[in-house]
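First comes the structure, then the notes that go with it.
The values are calculated or read from the model by the stated rules, or taken from the named source; none is laboratory data. It should be emphasised that the depicted structure is a prediction, and the values quoted were computed from it without experimental measurement. Virtual Cβ from ideal backbone geometry, glycine too; neighbours counted across all protein chains shown.
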Amino acid sequence: MNQYINLTKRNCKVFLRDRGAVFFSLLAMLIVLMLMGIFLGNMNEESIVNLLKEYGGVRDALADEENAKHLVQYWTLAGILVVNAVTVTLTVTGNMVTDLHEGKLASLYSAPVSRSVIALAYITASVFIGTLMCVLTLGIALFYIVATGGQMLGYEMLAKILLLIVLNVCIFAVIMYLAALFVKSTSAWNGIGTVVGTLVGFVGAIYLPMGNLPEGVAAVLKYIPILHGTALMRSACCEAALDHTFTNVPAELIAEYKEYMGIQIKMGEELVSETFQVLFLAGCGIIALIVLMAVQKKRNISDR
Amino acid sequence: MIKTEMEIRKVSEMITVEHLKKYYREVRAVDDISFTVEKGELFGFLGVNGAGKSTTINMLCTLLKPTEGRALINGMELGKEDDEIKKHIGIVYQNNCLDHLLTVQENLLIRGGLYEKDKENLRHNLTRVTEILNLTDVLKRPFGKLSGGQKRRCEIARALMHTPDILFLDEPTTGLDPATRKNVWETVSKLQKEMGMTVFLTTHYMEEAAAADHIGIMDHGHLVEYGTPFSLKETYAKDKLYLIPKAEQREDIVMELRKNNLEYSVLEERIFVKLDSTLSAMPLLTKLEDRIQGFEVIQGTMDDVFLSVTEQ
């Protein structure tokens, strides 16, 4: 236990002391922020305002614009929280690849510590730092949204978001560690980082809303955990803002909007429930974990 | 249980290796080597690059599983009591493996913490190793900012945090300047002499190997020689005699050497003669006393031993 805490601390410290790594782990988030701030934010807001104009009867246009702005902000925040869960865990897991690459892993293996403890310490460190970064992002974003006149989220929602952050981070930490087992060099891992950092925004339907993606792409994404991760996060983040924005409009309109923005996902003809999504995510994590354990076990034997 | 001969013998032996092999598909990295290392001795493990030294060390450190053969480390069977063995050995690798961004103290406490659970003891160990290796001044500095020699000393300190019985050093001084090398080297001898630690060392520097109690020389996965530096020098390093002839006497001396069946070569002003032993120079010199101005006997070095063993 001591050794486990000891190693986890070490992995966290090694990552956090490297300012460059910390910055670049948040790069995908910065890209999302820029995209939304400069190009896509307005588009998303206008589409809400137009919807309301068309179907909402007599309205206060200014209030609609204001509400739409905050709804889009919350929608973006949800995306960022998931993006961070992916990219931060990826960068932290890079520690392990570096340790292997630089021959440091051998010195850990020669200590009387079981290899699973060493592996677990890497995973825990990325869970820990991933959660930390997401919570920091959440804090800063909430502060900004509230400061610019948005509504604060209720405690219950905050708690739900926190749980979702932990769930996402855990799953991606395991998946990243599994991927890292097949990588032997730091530069290869950095390459993967670049690819994942670029793709994550599309795969999670964060750069572009679900409704804007080609049908085939959208269909494939539904079988990838990240989309369900973002959808869950979005419904938690946006629920209050949705209620607040879409007043006096038909329920079908809200449902359609939710689907268009990837807040709710339809598989086949049916909307999938949150429980299903949580189970799906957890299932992906558990499968990754089982594969990971099998690979690690085989690796331990063939290494020796 | 019937004790094998090997187990009875082990009392004064720290490391016993019997028929150890490590094959990778076609490559026979280590091919059937056997040797012993006594308690408290400095064992020099030599060989050209790729001879199988590191593979052997990695096997003895439980990192690699031998293809065949067995080894006892301080009485513990390799492969069966690996966890126990790990607690009793310290390893300094060729490359530095501490974390650059952490301070020396953090590094040592983390690595030491893998062995020692008690915080008090851990602190105590830290003070002890920093004193031995003179690291007190750099404890608070990031490891990455240290000089090459300081880094090496930190690496040794890391390996000593849990007071191992055996210290494995895999080319600890490669790439260091001569002064730093000497410094690291003095530290290692001090550990061995004052603390009675068994030191298992691989090196490319023959003057370092010459200070060892026993030497094993690896070549192409085989242990080709084993002995004390002295006995190896006796066998492999011929002494050299340089004669400086008086004017006009050179031909005469050459005739005499030829008569005695001695290997020689004539340099500009001197004649170089290969000797079987230092003492065999005596009768020759007496014979030639009137015809030479002076002479010089040079003892064979470990370099000669190494070259003649590995070039075979």
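Observations on the model:
- Within the stretch B:261-280, if we keep just the residues that are farther than 22 Å from residue B:248 by Cα and among the hydrophobic types (A, V, I, L, M, F, W, C), the residue that is surrounded by the most Cβ atoms within 10 Å (Cβ to Cβ) turns out to be B:275.
- Residue check for residue B:112: of a type in the set (Gly, Ala, Ser) and over 16 Å from the mean Cα position of the chain (by Cα): yes
- Test for residue B:268: is it closer than 30 Å to residue B:33 by Cα and of a type in the set (D, E, K, R): no
Each row is one residue, and each column tells you yes or no for (1) under 21 Å from residue A:6 (Cβ atoms); (2) more than 7 Å from chain A (Cβ to nearest Cβ).
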residue: B:58; (1), (2): no, yes
residue: B:61; (1), (2): yes, no
residue: B:70; (1), (2): no, yes
residue: B:78; (1), (2): no, yes
residue: B:84; (1), (2): yes, yes
residue: B:87; (1), (2): yes, no
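- Residue ranges of helices (runs of 4 or more DSSP H) in the stretch A:33-126 with at least 3 members of a type in the set (S, T, N, Q) and touching a residue at least 40 places away in the same chain (Cβ under 8 Å): A:61-101
- Test: residue A:281 is at pLDDT below 85 and among the aliphatic types (A, V, I, L, M): no
- Any hit, the stretch B:130-143, residues being away from chain A (no Cβ under 13 Å), surrounded by fewer than 15 Cβ atoms within 10 Å (Cβ to Cβ), of a type outside the set (Gly, Ala, Ser) and within 17 Å of the chain's Cα centre (by Cα): no
- Going through (1) away from every other protein chain (no Cβ under 12 Å); (2) closer than 17 Å to residue A:17 by Cα; (3) hydrophobic (A, V, I, L, M, F, W, C); (4) under 25 Å from the mean Cα position of the chain (by Cα) one by one, residue B:98 falls short only on (1).
- Search result, residues across the stretch A:257-276 that are out of contact with any helix residue (DSSP H, G or I) (no Cβ under 9 Å at 6 or more places or on another chain) and either modelled with pLDDT under 85 or closer than 18 Å to residue A:57 by Cβ (or both): A:268, A:269, A:270
- When restricted to residues that are modelled with pLDDT of 90 or more and surrounded by fewer than 19 Cβ atoms within 10 Å (Cβ to Cβ), the stretch B:104-119 contains 1.
For (1) farther than 23 Å from residue A:232 by Cα; (2) at pLDDT below 90; (3) within 14 Å of another protein chain (Cβ to nearest Cβ), each residue gets a yes or a no:
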| site | (1), (2), (3) |
| --- | --- |
| A:112 | yes, yes, yes |
| A:134 | no, no, no |
| A:137 | no, no, no |
| A:142 | no, no, no |
| A:150 | no, yes, no |
